[in-house]
Every structure is written in C-alpha cells, then in structure tokens.
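Reviewing the structure listed below.
No value in this document is a laboratory result; all are computed from the given coordinates. The structure displayed is predicted, hence computed values, not measured ones. As a convention, Cβ positions derive from the backbone with ideal geometry for all residues, glycine included, and neighbour counts pool all protein chains shown.
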Amino acid sequence: QVQLVESGGGLVQAGGSLRLSCAASGSIISINGMGWYRQAPGKQRELVAAITSGGNTNYADSVKGRFTISRDIPKNTAYLQMNSLKPEDTAVYYCNAIEYYSGSYYYLGSWGRGAQVTVSS
C-alpha cells in the first residue's frame, strides 16, 4: 500500500511563505494526479490544488495566485509552495493521489497525518 508523508508545515506570520512536501513510498506520483487538501477546525476537508498526470494544474479560488503545486517524479515527491499566507489558510494540509472524472476530482488513497500550517495575524 502506498504511503504518503507530508512535511514542511509550521507557524508563519501573515504574508509569509511555506513549502510543503509530500513523499510517496511508490511510483504513484508518476502514474496519478496529485492533490493537496486542507482541513481547518470545524470545517470539511477541501481540495486546494491539483496537478494531473499530464501536468495540468488547478487551484481553488481562495488560493489562486498564491499557491503553486508541483511534483518531482524521480523523487516521488509533490510540493505545495504557499506564498502570501493569510490567517484563513490555517489548517492541516494533506496530499493524496487524485483522479479527474466527469468534472470532479476524486482522491484515491488513504490519508496521511498531514502537516499543520498556522498563520498568525
């Protein structure tokens, strides 16, 4: 079973930057699309960035222009570069393999522990 391990979270002031990493135990990143999700306290988990197996990217409106998703296939690692962070970006961030089907993204694997991102005002 493929394991996904997120890292790179932390505490940052508003306007700052962080880069999250998602290390995969197998070659899932080269086969599937990858997505970064986040879950804030009391809220549902939401997809904030996606990259398809062909390299196309898509972002939630709330992070568009500030976050960038990328991947390094030889390293089996996906990244989320987060700039101009806002307090409302505070959440636990998770990565997962995804599939785009009939206009929606669907996650494929189990969830890891996630990476806590806290943005202070």
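What would the Debye formula give as log10 I(q)/I(0) at q = 0.14 Å⁻¹ for the alpha-carbon point model of the range 1-58, no solvent?
Taken in order of the listed q values, log10 I(q)/I(0) reads -0.50.
What net charge is computed for the residues neighbouring D61, neighbours being all others with C-beta under 13 Å from the C-beta of D61, Lys and Arg scored +1, Asp and Glu -1?
In short, 0.
Going highest first, how would you order 9-16, 43-50 by mean Cβ packing within 10 Å?
Packing order, densest peptide first, comes out as 43-50, 9-16.
Given axes a ≥ b ≥ c from the Cα gyration tensor, I'd like to know whether the range 50-121 is rounded (a/c under 1.5), prolate (a/b larger than b/c) or oblate.
It comes out prolate by the Cα gyration axes.
Once you compute Rg and the Kirkwood Rh from C-alpha atoms, what is the Rg to Rh ratio for the chain?
When Rh is taken as the Kirkwood radius, the ratio is 0.94.
For the chain, what relative contact order do you get, as a whole percent, if you take Cα pairs closer than 8 Å and at least 6 residues apart?
About 35 percent, as a whole number.
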